[in-house]
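Participant: Sharing a structure with you now.
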Amino acid sequence: MANYIEQLQAIIDGSSKIVFFGGAGVSTESGIPDFRSQDGLYSQKWKYPPETIISRSFFDSDPKEFYRFYREKLIIKGVQPNAAHYKLAELEKAGKLLAVVTQNIDGLHQAAGSQKIYELHGSTLRNFCMDCGAPYDIDFIANSASSPDSLPRCTKCGGLVKPDVVLYEEGLDDNVINGAVQAIAAADTLIIGGTSLVVYPAAGLINYFNGNKIVLINKSETAADSKADLVIHDSIGKVFSQIKV
């Protein structure tokens, strides 16, 4: 492990335009369950499969059941950034990190102090009325279970309030994708962490990297291991906690 840390430190020290591409594994150490591990959301029993519930067609056809699942499983209070989030914020502040490209929707990168973040799948922290566009915070959605129809209704027009989260069957935001692609294409080092790289089109964005070094940090093997210059199979928080900026 020490040798891997030394190699990673040398790569970071020799880089000035790092981009970090991360997934659920970045936040599991903060207490947020991922979707595909043995203890993740996808292995838990529910009335419908999670993939079905968090799809746009299900949201439209059965919003009550959608929000019942969403409030219980996707709104997680009291979590704090971990060592990985804080180290990435340090690297950005030091002028070495161009951007964070994340598949997570928890807002922990912002909480740690990162500024340039491309949230591919949106954020639970942002919510908007589907009719008038009025913004609402996460507490508004969390507290909507007590409303007459158990749905988050806009206080201005009565429209349904939807989380700014990309559901299955919905496309990614063009501006977010374009920004992420430009950042990855401009990077000299791409660090991929805490992701199984099986969710597309997000995972395909790493193909735009044309720089010098690819580092992959994930507990389990991924299809991109063979493309990386350095592969570390360990928790990303543990790894980043040993890096000096």
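Participant: Out of the residues in segment 48-63 meeting the condition of being at pLDDT 95 or above and outside any loop (DSSP other than H, G, I, E, B), tell me which one is farthest from the chain's Cα centre (by Cα).
Facilitator: Here the answer is SER61.
Participant: Next question, about the same structure. Does LYS219 qualify as being charged (D, E, K, R), assigned to a helix (DSSP H, G or I), open to solvent by 50 Å² or more (accessible area, probe 1.4 Å) and out of contact with any Cys (no Cβ under 9 Å at 6 or more places or on another chain)?
Facilitator: The answer is no for LYS219.
Participant: Still on this model: Taking LYS156 as meeting all but one of (1) surrounded by 14 or more Cβ atoms within 10 Å (Cβ to Cβ); (2) basic (Lys, Arg); (3) more than 16 Å from GLU65 (Cβ to Cβ), write down the number of the exception.
Facilitator: (1)
Participant: Return yes or no: is ASN212 over 13 Å from GLY22 (Cβ atoms), modelled with pLDDT of 90 or more and in contact with an Asp or Glu (Cβ under 6 Å, 6 or more places away or on another chain)?
Facilitator: Considered against the rule, which asks whether it is over 13 Å from GLY22 (Cβ atoms), modelled with pLDDT of 90 or more and in contact with an Asp or Glu (Cβ under 6 Å, 6 or more places away or on another chain), ASN212 comes out as yes.
Participant: Also, quick follow-up: Quick one: what pairs do we get from segment 225-241, first residue within 22 Å of GLU92 (Cβ to Cβ), second small (Gly, Ala, Ser) and assigned to a helix (DSSP H, G or I), C-beta under 7 Å, 6+ apart or different chains?
Facilitator: Qualifying pairs under 7 Å: ILE236/GLY25; ILE236/ALA84; GLY237/ALA83; GLY237/ALA84; PHE240/ALA83; PHE240/ALA84; SER241/ALA83.
Participant: In this structure, does PHE20 turn out to be surrounded by 14 or more Cβ atoms within 10 Å (Cβ to Cβ) and either assigned to a helix (DSSP H, G or I) or at pLDDT 95 or above (or both)?
Facilitator: In short, yes.
Participant: Now for a separate question. Being open to solvent by 40 Å² or more (accessible area, probe 1.4 Å) and at pLDDT 95 or above: is that true of PRO163 here?
Facilitator: Against the criterion (open to solvent by 40 Å² or more (accessible area, probe 1.4 Å) and at pLDDT 95 or above), PRO163 does not qualify.
Participant: Limited to segment 109-159, what total is found for residues that are aliphatic (A, V, I, L, M) and under 29 Å from GLY194 (Cα atoms)?
Facilitator: The total comes to 8.
Participant: Return the pairs, sorted by first residue and then second, in which the second residue is of a type in the set (Val, Ile, Thr) and assigned to a helix (DSSP H, G or I), the first residue lies in segment 61-78 and is in contact (Cβ under 8 Å) with a residue 60 or more places away in the chain, the beta carbons are less than 7 Å apart, and the residues are 6+ apart or on different chains.
Facilitator: So the pair list comes out as ARG71/ILE141; ILE75/ILE138; ILE75/ILE141.
Participant: Go through SER114, SER150, SER144 for me and flag whichever is within 27 Å of ASN82 (Cβ to Cβ) and of a type in the set (Gly, Ala, Ser).
Facilitator: SER114
Participant: Residues of segment 222-245 being of a type in the set (S, T, N, Q) and either closer than 17 Å to SER27 by Cβ or not in a loop (DSSP other than H, G, I, E, B) (or both), which ones?
Facilitator: SER226, SER235, SER241
Participant: Moving on to the next point. Tally up the residues in segment 184-215 that are outside any helix (DSSP H, G or I), in contact with a helix residue (DSSP H, G or I) (Cβ under 9 Å, 6 or more places away or on another chain), farther than 17 Å from GLY25 by Cα and open to solvent by 10 Å² or more (accessible area, probe 1.4 Å), please.
Facilitator: 7
The values are calculated or read from the model by the stated rules, or taken from the named source; none is laboratory data. What you are looking at is a predicted structure, and each value in this text was computed from that prediction instead of being measured. Cβ coordinates were reconstructed from backbone atoms using ideal geometry, including for glycine residues, and neighbour counts include every protein chain displayed. These accessible areas exclude ligands, DNA and RNA; they are computed on the full protein's heavy atoms, side chains included. Shrake-Rupley method; radii C 1.70, N 1.55, O 1.52, S 1.80 Å.
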